[in-house]
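Read through the structure below, which is laid out as structure tokens, and then see the notes.
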There are 2 protein chains.
Amino acid sequence: MKEYKGYIFDMDGVIYTGKKLIPGAIEALEFLKNREKKIVFVSNNSTRSREDYAERIADMGLPIKLEEIIPATYATAQYLAENHSEKRIFVIGSLGLIKELLKVDLRIEETAEKADILVTGSDLNISYQKLSYGTSLLLRDALWVTTNTDKLYPSESGMIPGTGAVVGALQYVTGRTPDVIIGKPSKPIMEQALKALGLDKNDCLMVGDIIESDVLAGRNIGMDTALVLTGVTSLKDVEKTNTKPDYILESIKDLVS
Amino acid sequence: MKEYKGYIFDMDGVIYTGKKLIPGAIEALEFLKNREKKIVFVSNNSTRSREDYAERIADMGLPIKLEEIIPATYATAQYLAENHSEKRIFVIGSLGLIKELLKVDLRIEETAEKADILVTGSDLNISYQKLSYGTSLLLRDALWVTTNTDKLYPSESGMIPGTGAVVGALQYVTGRTPDVIIGKPSKPIMEQALKALGLDKNDCLMVGDIIESDVLAGRNIGMDTALVLTGVTSLKDVEKTNTKPDYILESIKDLVS
């Protein structure tokens, strides 16, 4: 396996599963750091701010710095601050997303009336009123930026709706699709990760457990990719897909060699 | 124009627009009644019970009986009572729908846990919890009955999301589509209308203002159809579509002859 200057890791299914660390994860990360490799972690999570996320990870005993964590909330805020800092934003999303947008001084509107941009994320307090505001914005051609388009994610009570519930509702009634998707497998979150690393894509490896999300995200931006089998994807799944990773690893600990 | 024994009317855009009666509507309905024609009114409305609807119409001064009104709420309740009376139902929908389901003694569940059927309508109190229950039901292959799949409807504050917001959200995250659609252009609401008339489809005319909803509903069930131009469809629109009505009328008053 080639040595890279930087490593971008998906988290759930790579570093931990649920709230349990993957055996060997800490050692693998330490091994890379000792060899002066740069590391960032990306996540499509649209409900937690970077700090919320860091706290959760610290609770698991993982030695990760705030600057190494790039959830979709943070990546969305960075993207908007870089490209649309002057615009007014209406958000259908959770508090973690709002926190990140406020942190970079973006202007969030209470209603759709004066907004230019609709930002969507998973919203635990979704309401008919919010969907109506979103609909009116999309019908008058506002820019639609979504944290991700994830359909479902696992919870203690089974699979629950992701940001896709908001995206699907608005897409169905307005006939529009998001103009910008920040999260994997889309490029913007990967661009934020490379920026955080300060490295070129050719010098980095994307490591993840989901082909359609992580491996595809690496591919889409032109990076080498490694699939770990500690998450949702099995070797059989790999055979069925055309999106082949450059490496297949039993687990993150195979990075130690 | 052929004489029919029964007439099925869409309401908004045919009898009234907003809260204003179409000129000549009362006279046309009286003319038909004087000639012993049978009449029912159908609506895809999924938030009002039959009684809510009758009250609204009475306020406009229209002489319509309760038994002549078939909103999608009522048609959905009838359909379920006839086909699934023993099943437990979880509802994502408004109070008007719940009222109709209770009126025919259907069993409505508070959560998804024990439910066999998901019923969806436009829900002014949509929540993440309700969408989660709906998602879990669909993922375990529950029957999905929806009042309609309407995308948008007009309101005083512009176009607002219809039942399509709920349908779109669940469809996107689960990959499923509704098993049964009650409202136009689907058949079940038309079957309820014919049942209320006590007539065969060949003896009835469907009168509406929307080609993709009203005319198509008539077509789908094999009835003759008349398009009125007092609603959303113009003569130009008719030229562009392949779903041609049997008759095109300036207004409902052209039924008087």
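Residue by residue through the stretch A:43-50, what is 3J(HN,Hα) from phi via Karplus (6.51 cos²θ - 1.76 cosθ + 1.60, θ = phi - 60°)? Round to whole Hz and write x for glycine and proline.
8, 7, 3, 10, 10, 10, 6, 4
Would you kindly calculate the mean projected area, averaged across all directions, of the convex hull enclosing the Cα atoms of the stretch B:68-121, in square nanometres?
Numbers: hull surface 13.8 nm².
Directional mean of the projected Cα hull area for the stretch B:68-121 stands at 3.4 nm².
Choose one answer from B:Leu138, B:Leu235, B:Leu216: the residue with the largest mean-square fluctuation in a GNM of chain B with alpha-carbon springs under 10 Å.
So, out of B:Leu138, B:Leu235, B:Leu216, the one fluctuating most is B:Leu235.
With point charges of +1 on the Cβ of Lys and Arg and -1 on the Cβ of Asp and Glu, referenced to the Cα centre of the stretch A:181-257, which listed residue (A:Ile210, A:Pro185, A:Leu227) lies farthest in the positive direction of the dipole?
Checking the options against the dipole of the stretch A:181-257, the answer is A:Pro185.
Can you list which of the GluC sites (Glu not before Pro) found in the stretch B:96-205 are DSSP loop residues with at most 13 other C-beta atoms within 10 Å? Intermediate values should be presented prior to the final figure.
Details: sites: B:Glu100, B:Glu109, B:Glu110, B:Glu113, B:Glu156, B:Glu191; in loops: B:Glu109, B:Glu110, B:Glu113, B:Glu156.
Qualifying residues, ordered by number: B:Glu110, B:Glu113, B:Glu156.
How big is the convex hull of the Cα atoms of the stretch B:123-234, per residue, in Å³? Spell out each step's value before the answer.
Values: hull volume 15.0 nm³, N = 112.
Measuring per residue, one finds 134 Å³ for the Cα hull of the stretch B:123-234.
Show that you can apply the helix-only estimate: for chain B, add -39,500 (n - 2.57) for every DSSP H stretch of four or more residues, divide by all residues, and state [θ] at 222 nm to the nearest 500. Intermediate values should be presented prior to the final figure.
Numbers: 9 runs with 86 residues, N = 257.
Per the formula, -9500 deg cm²/dmol.
Report the gain in length on full extension from B:Glu55 to B:Asp200: 0.36 nm times residue separation, minus Cα-Cα distance, nm rounded to one decimal. Walk me through the intermediate numbers first.
On the way: separation 145, 0.36 × 145 = 52.20 nm, distance 2.91 nm.
Extending this stretch completely gives an extra 49.3 nm.
Find the centroid of the Cα atoms in the stretch B:157-217 and in the stretch B:53-78, then give the distance between the two in whole Å.
If you average the Cα positions of each part, the centres end up 16 Å apart.
Quick one: which residues, 5+ away or cross-chain, put their amide H under 5 Å from the amide H of B:Asp116? H built at 1.01 Å from N.
Hits under the 5 Å cutoff: B:Arg88, B:Ile89, B:Phe90.
Using only the Cα atoms, what convex hull volume per residue in Å³ does the protein assembly as shown have?
On the way: hull volume 83.1 nm³, N = 514.
Value for the protein assembly as shown: 162 Å³ per residue.
Put the label 7 Å from Cα along Cα→Cβ for B:Lys65; what are its distances to the other copies, in nanometres, shortest first?
8.1
Using a 10 Å cut-off around each Cβ of peptide B:134-144, what is the average number of partner chain Cβ atoms that fall inside?
On the way: counts 2, 9, 5, 0, 0, 4, 1, 0, 0, 0, 0.
Mean inter-chain Cβ contacts per residue within 10 Å come to 2.
I need B:Ser132, B:Ser127, B:Ser85 ordered by Cβ neighbour count within 10 Å, fewest first. Please report the intermediate quantities before stating the final value.
Numbers: B:Ser132 21, B:Ser127 15, B:Ser85 11.
Least crowded to most crowded, the residues run B:Ser85, B:Ser127, B:Ser132.
Summing Lys, Arg as +1 and Asp, Glu as -1, what charge do residues with Cβ under 10 Å from the Cβ of A:Ile39 carry, A:Ile39 excluded?
+3
From the backbone phi of the stretch A:214-227, what are the Karplus-calculated ³J(HN,Hα) couplings (6.51 cos²θ - 1.76 cosθ + 1.60, θ = phi - 60°) in whole Hz, Gly and Pro given as x?
Values per residue, Gly and Pro as x: 6, 5, 5, 4, x, 3, 4, 9, x, 9, 6, 9, 10, 9 Hz.
Report, in listed order, any pair from A:Lys33/A:Lys195; A:Lys130/A:Lys184; A:Lys130/A:Lys187; A:Lys195/A:Lys244 with a Cα-Cα distance greater than 21 Å. Working shown, then result.
On the way: A:Lys33/A:Lys195 18 Å; A:Lys130/A:Lys184 25 Å; A:Lys130/A:Lys187 27 Å; A:Lys195/A:Lys244 25 Å.
Violating the 21 Å Cα-Cα cut-off are A:Lys130/A:Lys184; A:Lys130/A:Lys187; A:Lys195/A:Lys244.
Give the percent of DSSP beta bridges with both residues in the stretch A:75-216 that are antiparallel, rounded to the nearest 5. Present the calculation step by step, with values, prior to reporting the outcome.
Values: 4 of 16 bridges.
So the antiparallel bridges amount to about 25 percent of the total.
What is the fewest-to-most order of B:Met223, B:Met190 by other Cβ atoms lying within 10 Å of their Cβ?
On the way: B:Met223 23, B:Met190 26.
The order, fewest Cβ neighbours first, is B:Met223, B:Met190.
On a 0 to 90° scale, report how tilted helix A:128-139 is relative to the longest principal axis of chain A, with both axes built from alpha carbons and the result rounded to the nearest 10.
Approximately 90 degrees, to the nearest 10.
Suppose you put the label 7 Å out from Cα in the Cβ direction; list, shortest first and in nm with one decimal, how far A:Met1 is from each other copy's label.
7.6
In nm, to one decimal, how far is the modelled label at B:Glu212 from the one at A:Lys87, with both set 7 Å along Cα→Cβ?
Using points 7 Å along Cα→Cβ, the separation is 2.7 nm.
Please state the shape class of the stretch B:11-161: rounded when a/c is under 1.5, otherwise prolate if a/b exceeds b/c and oblate if not, all from the C-alpha gyration tensor.
Numbers: a/c = 2.95, a/b = 1.80, b/c = 1.64.
Prolate, since a/c reaches 1.5 and a/b exceeds b/c.
Name the residue from A:Ala25, A:Asn45, A:Ile89 whose Cα lies farthest towards the positive end of the charge dipole of the stretch A:1-142, charges +1 on Cβ of Lys and Arg and -1 on Cβ of Asp and Glu.
Of the options given, the answer is A:Ala25.
Kindly provide the Kirkwood hydrodynamic radius of chain A in Å, to one decimal, from all pairs of distinct alpha carbon atoms.
Values: mean 1/r = 0.0536 Å⁻¹.
When all Cα pairs of chain A are included, the Kirkwood radius is 18.6 Å.
How long is the gain from A:Glu30 to A:Gln129 if the chain were fully straight, where each residue apart is worth 0.36 nm and the alpha carbon distance is subtracted?
Values: separation 99, 0.36 × 99 = 35.64 nm, distance 4.79 nm.
Length gained between A:Glu30 and A:Gln129: 30.8 nm.
Quick check on the stretch B:180-257: take the gyration tensor over C-alpha atoms, sort the square-rooted eigenvalues as a ≥ b ≥ c, and tell me if it's rounded (a/c under 1.5), prolate or oblate.
Values: a/c = 2.10, a/b = 1.36, b/c = 1.55.
Judged from the Cα gyration tensor, the stretch B:180-257 comes out oblate (a/c at least 1.5, b/c at or above a/b).
Only bridges whose two residues both fall in chain A count here: according to DSSP, what percent of them are antiparallel, nearest 5? Write down the numbers at each step before the final one.
Numbers: 6 of 38 bridges.
In chain A, approximately 15 percent of DSSP beta bridges are antiparallel ones.
Could you give the dipole magnitude of the stretch B:148-246 about its Cα centre, charging the beta-carbon of Lys and Arg +1 and that of Asp and Glu -1, in debye to the nearest 20? Walk me through the numbers on the way to the answer.
Working: 10 positive and 13 negative charges, 56 e Å.
That gives the stretch B:148-246 a dipole magnitude of about 280 debye.
May I ask you to derive the relative contact order of chain A, considering only C-alpha pairs under 8 Å and at least 6 residues apart, and to give it as an integer percent? Don't skip to the end; give the middle numbers.
Working: 527 pairs, mean separation 53.8, N = 257.
Result for chain A is 21 percent.
Distances in nm, one decimal, shortest first, from B:Lys236 to the same residue in every other copy, taking the label point 7 angstrom along Cα→Cβ.
With the label placed 7 Å along Cα→Cβ, B:Lys236 yields 5.7 nm.
Under a crude label model (7 Å from the Cα following the beta-carbon direction), how far is A:Asp254 from B:Ser155 in nanometres?
5.3 nm
Per-residue Cβ counts within 10 Å, from other chains only, averaged over B:172-183: what number is that?
Working: counts 15, 15, 7, 2, 0, 0, 0, 0, 0, 0, 0, 0.
Neighbouring Cβ atoms belonging to other protein chains average 3 per residue here.
For a footprinting-style exposure proxy, rank A:Ile182, A:Ile70 by other Cβ within 10 Å, fewest first. List each step's numbers first, then the result.
Values: A:Ile182 30, A:Ile70 24.
By the 10 Å Cβ count, ascending: A:Ile70, A:Ile182.
Less than 14 Å Cβ to Cβ from A:Lys184, Lys/Arg counted +1 and Asp/Glu -1: what total charge do the surrounding residues give? Could the numbers behind the result be given before it?
On the way: positive: A:Lys151, A:Lys187, A:Arg219; negative: A:Asp10, A:Asp12, A:Asp150, A:Glu191, A:Asp209, A:Glu212, A:Asp214.
Local net charge: -4.
Can you list the HN-Hα couplings for the stretch A:150-157, worked out from phi with the Karplus curve (6.51, -1.76, 1.60; θ = phi - 60°), rounded to whole Hz and with x for Gly and Pro?
Once θ is set to phi - 60°, the couplings for the stretch A:150-157 become 4, 7, 9, 9, x, 9, 4, 9 Hz.
Quick one: compute the contact order of the stretch B:115-257, relative version, from alpha carbon pairs under 8 angstrom and 6+ residues apart, as a percent. Intermediate results must be reported in sequence, preceding the final value.
Working: 221 pairs, mean separation 23.1, N = 143.
Averaging sequence separation for qualifying contacts and normalising by length gives 16 percent for the stretch B:115-257.
Taking Rh as the Kirkwood radius, which is the inverse of the mean 1/r over Cα pairs, what is the Rg/Rh value for the stretch A:1-83?
Working: Rg = 13.2 Å, Rh = 13.5 Å.
Answer for the stretch A:1-83: 0.98.
Among B:Val14, B:Val145, B:Val104, which one shows the biggest mean-square fluctuation in a GNM of chain B, springs joining Cα atoms closer than 10 Å?
B:Val104
Computed from the coordinates by the stated procedures, all read-outs in this text should not be read as laboratory data. Worth saying up front: this structure is predicted, and the values here are computed from it rather than measured. So basically every Cβ, Gly included, is an ideal-geometry build from the backbone, and we count neighbours across all protein chains shown.
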